[in-house]
Amino acid sequence: MSAADVDVAVIGAGIVGAACAWRLAQRGLNVLVLERDQPASGSTGKSAAGVRAQFASEPNIRLSQESISEYAAMPQSGYQPGGYLMLVPEHHWVEHQAGVALQQQLGVPSELLTPQAAQGHLPFEPSGLGGCSFCPTDGFVDAHSLTFEYVRLARDAGVTVWTETPVTAIRPGASGGAGWCLETSRGDVRATQVLNAAGAWAGQVGALAGLDIPVRPARRMVFTTGPLHPPRRVPMVFDLESGVWLRSEGERLIFGRADPADVGWREGLDWAWLDPTLEAALNRFPWLETAGLDRRASWWGYYEITPDHQPILGRMPGVHGWLNACGFSGHGVMQAAAAARVLAQEACEDAPFINIDALRYERFLAGAVVSSDIQL
Ligand SMILES: Cc1cc2nc3c(=O)[nH]c(=O)nc-3n(C[C@H](O)[C@H](O)[C@H](O)COP(=O)(O)OP(=O)(O)OC[C@H]3O[C@@H](n4cnc5c(N)ncnc54)[C@H](O)[C@@H]3O)c2cc1C
């Protein structure tokens, strides 16, 4: 078999595509990864790399819980279980407690805290909060290193990885009617199945095949402080009211806040978003005032958002041989490992080990969809 005639062509070598390729190969499939740049050069390498199982719905909790377990067992993951602290406004507190109860029922060691107790993790201004939650196994990883480890595992399992190879066109009907023909800068590839793991570009990749995959890019900024004096370890903290998050990165802090209007292909770090972010951050964490800002260590990247901010996983309905693992909406690092196992099962027509029915493409066919899960 030539590398250009494969069971599955995986488009994208971010953490999702790399992990999927490894899991597909483990199931005996011939896999080719097509990456237009380098592994982790898309959103994966720009991520804040937080991992949390604190979600409100079972599929999201389980995808993260299983992924975190896998990362915890991989020395290359850089997993640091420093915990996630959620600061929850009064109007969301009842709903949030139900989410924590579900997490606990599924075996996640999250706990509810009063704002006073949560101040043991870091000082903050508690006005407007109904309560807090903390999960000690949440934390962060090294998404870049993890992706390269998945690429290594995939190659060892027989996967071919073509970097600097954009897919430029996709036609159905290779192999006598079934399958796909992909045009790439290295020539045509025939594949029985295509797995779309193109992150923020998944909508564009779908369009190459005439498919409507509702994934849009949304720019996100990560601001970096100078070294803290005195030093302070800060777990990943989310203020659900303002959307501000922050965590330690070495002796500094990184922090950010989503701008809901910043949707589309907008390049570069938007410094105009610093003031609204800082204003909200200082209201909650007044001690940040003295931290200073390291402009050169700040960065930006694209979230890959869907209409309900949930991933699109599994087979494309009515389209033979097309699988989606995209639209993670800012949660792709924390869910990639389990999503890859699910997709490999799906590709082999086995039942997924996590019920992903709520995350299938079919939900868009029924009309507008909304989700109340914890987004950020
Ligand atoms: C600032 C920021 C902070 C974030 N923080 C977190 C966090 O704390 N926790 C978390 O879980 N997630 C976070 N995310 C989201 C996370 O980075 C993504 O969900 C995740 O990286 C998605 O991985 P992926 O492999 O699907 O996509 P990507 O890493 O974007 O990979 C897709 C790949 O597809 C390739 N590609 C695109 N088009 C083509 C084509 N035509 N041909 C060939 N290749 C193509 C691209 O080059 C790219 O390498 C954050 C994202 C940003 C930007």
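Descriptive notes on the structure:
- Only residues that are touching a strand residue (DSSP E or B) at 6+ places or on another chain (Cβ under 7 Å) and outside any strand (DSSP E or B) were counted across segment 212-239, and they come to 8.
- Qualifying residue in segment 118-138 (condition: in contact with a strand residue (DSSP E or B) (Cβ under 9 Å, 6 or more places away or on another chain) and of a type in the set (Phe, Trp, Tyr)): yes
- Test: residue in segment 139-155 that is buried (at least 18 other Cβ atoms within 10 Å of the Cβ), in contact with a helix residue (DSSP H, G or I) (Cβ under 8 Å, 6 or more places away or on another chain) and hydroxyl-bearing (Ser, Thr, Tyr): yes
- Residue pairs whose Cβ atoms lie under 6 Å apart, separated by 6 or more positions or on different chains, with the first residue in segment 35-48 and under 20 Å from Arg152 (Cα atoms) and the second in a loop (DSSP other than H, G, I, E, B), are Glu35/Ala13; Glu35/Thr163; Arg36/Pro166; Gln38/Thr163; Pro39/Ala13; Gly42/Gly14; Thr44/Gly14.
- Residues that are assigned to a strand (DSSP E or B) and either more than 7 Å from the ligand (Cβ to nearest atom) or of a type in the set (S, T, N, Q) (or both) within segment 1-21 comprise Asp5, Val6, Asp7, Val8, Ala9, Val10, listed in sequence order.
- Screening Ser242 against (1) in contact (Cβ under 8 Å) with a residue 12 or more places away in the chain; (2) within 30 Å of Ala344 (Cβ to Cβ) leaves a single unmet condition, (2).
- Selection from segment 101-155 of residues that are without any contact (Cβ under 8 Å) to a residue 24 or more places away in the chain and assigned to a helix (DSSP H, G or I): Ala101, Gln104, Gln105, Gln116, Ala117, Arg152, Arg155
- Filter pass, Leu211 being in contact (Cβ under 8 Å) with a residue 24 or more places away in the chain, under 26 Å from the mean Cα position of the chain (by Cα) and within 13 Å of the ligand (Cβ to nearest atom): no
- Some residue of segment 82-89 being in a loop (DSSP other than H, G, I, E, B) and within 11 Å of the ligand (Cβ to nearest atom): no
- Just one residue in the set Gly131, Gly187, Gly173, Gly120 is of a type outside the set (A, V, I, L, M) and buried (at least 20 other Cβ atoms within 10 Å of the Cβ); that residue is Gly131.
- Taking (1) within 18 Å of Leu343 (Cβ to Cβ); (2) more than 16 Å from the ligand (Cβ to nearest atom); (3) surrounded by 17 or more Cβ atoms within 10 Å (Cβ to Cβ) in turn, His96 satisfies each apart from (1).
- Any hit, segment 56-68, residues being in a loop (DSSP other than H, G, I, E, B), of a type in the set (A, V, I, L, M) and closer than 17 Å to Arg152 by Cα: no
- Restricting attention to segment 22-48, the residues that are within 11 Å of the ligand (Cβ to nearest atom) and part of a helix (DSSP H, G or I) add up to 4.
All of the numbers you see were taken from the coordinates with simple rules; none came from a lab. Values in this document were obtained by computation on a predicted structure and should not be read as measured data. Note: ideal-geometry Cβ built from the backbone for every residue, glycine included; neighbour counts use all protein chains shown.
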